[in-house]
Amino acid sequence: MSSPIIAEQIQANIDEIPRIRWSHTPTPLEEWKAFRAKVGGPRILVKRDDTTGLAYGGNKARHFEFEMAHVKNQGFDTMINVNNFHSNQARVAAAGCVKAGIRYILVSQDEVDRTPQGNLLLVKLMGGEIHRVTADEDAMAYAEEIADQVRADGGKPYILNKDWFPEIMGTIGFVEAGLEIKSQIAALGVSKIHAWGLTGRSLPGLRLLAKNLGLDWKASMIKYSPTDTDQLRETMVRRSKQGAELMKLPVYLDPDDVEIIDGFHGGAYAAPTDAAFEAIHLVAQTEAVILDPNYTGKSMSALIARIRSGGFSEDDTVLFLHSGGLPQVFAFNEELAAWSPSSND
Ligand SMILES: Cc1ncc(COP(=O)(O)O)c(C=O)c1O
C-alpha cells in the first residue's frame, strides 16, 4: 500500500514551522559491532543524538530549535523554567536562551543541598539565574511570583512549564530525525528496524514518521520514572495528534503503536540502578561512547536485558537512540567511580 504522504512533503511541512537552527545535524548513525560481539543479539545501529552540539547536545537541542523560535516570535524576553536538579532540558533551555538572547531563570527543584554539578553547573556557566527549592515547596507558585516580579520590572516572562508547545516540539524534531534515519539506513540496505529509547516525545516522533510513510519500524519506549503507563499512552497519543496537525501529517499514533517498557527506572526519576551502571561501563569499554545514568544508561540496560533473555533474533536490527544526557555522569561521579561488576554482590 502506498503512503498518502511522501518524505519530501513531510520535510517541506516541517520547514514551514519557525525555528532557529543550531543543531549539528544530521547526526551520525553508527553500527556497534564490538558491543554486539560482547553482548550478542541483533545488529545494533545507534543514532548519535548526543552529538547535536549546543552545550553537550542531546535530543533537546533539536527540540529547542522550534521552542526558542516560538518564544522569540511572541516577544517574550525572559524564560522561567521549573525543573529537577538532574534535568538536561534545564541545561538545553539555558543554552537556547543564550543563543536567542533571552534571560533565563531556572527554579531547580530537589537536591538543594548538592553542590551544582553536571547540568546545573552548566546552567550557571551559561548565566542562568538559579533558584533552588525543596521537593516540598510549591515550585510553580514560586515561578509565578518570579514572573510577577519580571512583569513589574517591565519584562515579558514566559513560563515554559505552562505552555502547550514544549509538549510537542520534540515530536517535530524527531519526525525530522526519522527522515535522517530513513536515508541513513537505506544507505546500509536496511529498511526494517526496531527503534529503542527512553523518551516520551522523541521516540514517538520516529514512530509517527514511520506510520505516516508506511515504514516497517517498531518502537519501544522505556519509562524513566514510575508514571502510570495508561496515562503515558494517552499523553503520547495527544502529543502525536497535535504534532501531526502542525506538520500536516495524515495519521497520528494509536496507544499500542509504541511498546512501553517498565521496570528499569529504579523506582524514581534519577534513581541510580546497578543495571544502568553496568550498561554505561559496557558501552564505554566496547564502543568508547558514554551513556548517562538517568536516561540512556537505563534504556541500554533494558535493551541488554532483552538481548540476554533471547528477545531478539540475529536477523533483527535495533536502532538505539542515544539521546544525550552526558553531563549527569559527573553528578554521579562518586557512585560511578565506586562501581564495579562485583560491587553489588
Ligand atoms: C538524555 C535524555 N533522553 C531522553 C529524554 C526524554 O526526552 P523526551 O521525552 O522529550 O523525548 C530526555 C529529557 O529530559 C533527556 O534529557
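Quick look at the values:
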{"read-out": "Residue within segment 34-48 that is surrounded by 22 or more Cβ atoms within 10 Å (Cβ to Cβ) and at pLDDT below 95 present", "value": "no"}
{"read-out": "Odd one out for Ile80 among (1) of a type outside the set (Phe, Trp, Tyr); (2) surrounded by fewer than 23 Cβ atoms within 10 Å (Cβ to Cβ); (3) in contact with a strand residue (DSSP E or B) (Cβ under 6 Å, 6 or more places away or on another chain)", "value": "(2)"}
{"read-out": "Residue count, segment 65-88 (criterion: among the polar types (S, T, N, Q), under 25 Å from Asp110 (Cβ atoms) and either more than 13 Å from the ligand (Cβ to nearest atom) or part of a loop (DSSP other than H, G, I, E, B) (or both))", "value": "2"}
{"read-out": "Residues within segment 174-202 that are of a type in the set (Val, Ile, Thr), within 24 Å of Ser225 (Cα to Cα) and more than 16 Å from the ligand (Cβ to nearest atom), tallied", "value": "0"}
{"read-out": "Test: Thr171 is touching a residue at least 24 places away in the same chain (Cβ under 8 Å), in a loop (DSSP other than H, G, I, E, B), under 17 Å from the mean Cα position of the chain (by Cα) and within 16 Å of the ligand (Cβ to nearest atom)", "value": "no"}
{"read-out": "Selection from segment 174-224 of residues that are closer than 28 Å to Asn81 by Cα, among the β-branched types (Val, Ile, Thr) and part of a helix (DSSP H, G or I)", "value": "Val175"}
{"read-out": "Members of segment 154-176 that are of a type in the set (Phe, Trp, Tyr) and touching a strand residue (DSSP E or B) at 6+ places or on another chain (Cβ under 7 Å)", "value": "Tyr158"}
{"read-out": "Residue under evaluation Thr227, criteria (1) among the β-branched types (Val, Ile, Thr); (2) within 18 Å of the chain's Cα centre (by Cα); (3) under 15 Å from Glu259 (Cβ atoms), criterion not met", "value": "(3)"}
{"read-out": "Residue under evaluation Phe330, criteria (1) surrounded by fewer than 22 Cβ atoms within 10 Å (Cβ to Cβ); (2) within 16 Å of Asp274 (Cα to Cα), criterion not met", "value": "(2)"}
{"read-out": "Hey, Tyr142 hydroxyl-bearing (Ser, Thr, Tyr), out of contact with any helix residue (DSSP H, G or I) (no Cβ under 8 Å at 6 or more places or on another chain) and touching a residue at least 24 places away in the same chain (Cβ under 8 Å) or not", "value": "yes"}
{"read-out": "Close pairs from segment 24-48: first closer than 16 Å to His322 by Cβ and part of a loop (DSSP other than H, G, I, E, B), partner at pLDDT below 95 and of a type outside the set (A, V, I, L, M), Cβ under 8 Å, at least 6 apart", "value": "His24/Gly57"}
{"read-out": "Residues (in contact with an Asp or Glu (Cβ under 8 Å, 6 or more places away or on another chain) and among the basic types (Lys, Arg)) located in segment 179-222", "value": "Lys192, Arg201, Arg207, Lys211, Lys218"}
{"read-out": "Selection count where residues are assigned to a strand (DSSP E or B) and surrounded by fewer than 24 Cβ atoms within 10 Å (Cβ to Cβ), scope segment 289-319", "value": "2"}
{"read-out": "Enumeration of residues in segment 50-77 that are charged (D, E, K, R) and either touching a His at 6+ places or on another chain (Cβ under 6 Å) or surrounded by fewer than 22 Cβ atoms within 10 Å (Cβ to Cβ) (or both)", "value": "Asp50, Lys72, Asp77"}
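Quick grid of which residues meet (1) among the aliphatic types (A, V, I, L, M); (2) touching a residue at least 60 places away in the same chain (Cβ under 8 Å); (3) over 23 Å from Trp32 (Cβ atoms):
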site: Val237; (1), (2), (3): yes, no, yes
site: Pro250; (1), (2), (3): no, yes, yes
site: Ile261; (1), (2), (3): yes, no, no
site: Tyr269; (1), (2), (3): no, yes, yes
site: Thr286; (1), (2), (3): no, yes, no
site: Ser301; (1), (2), (3): no, no, no
site: Ser309; (1), (2), (3): no, no, no
site: Val329; (1), (2), (3): yes, yes, no
site: Leu336; (1), (2), (3): yes, no, no
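The values are calculated or read from the model by the stated rules, or taken from the named source; none is laboratory data. All values derive from a computational prediction rather than experimental measurement. With ideal geometry, Cβ positions are generated from the backbone for all residues, glycine too; neighbour counts draw on all protein chains shown.
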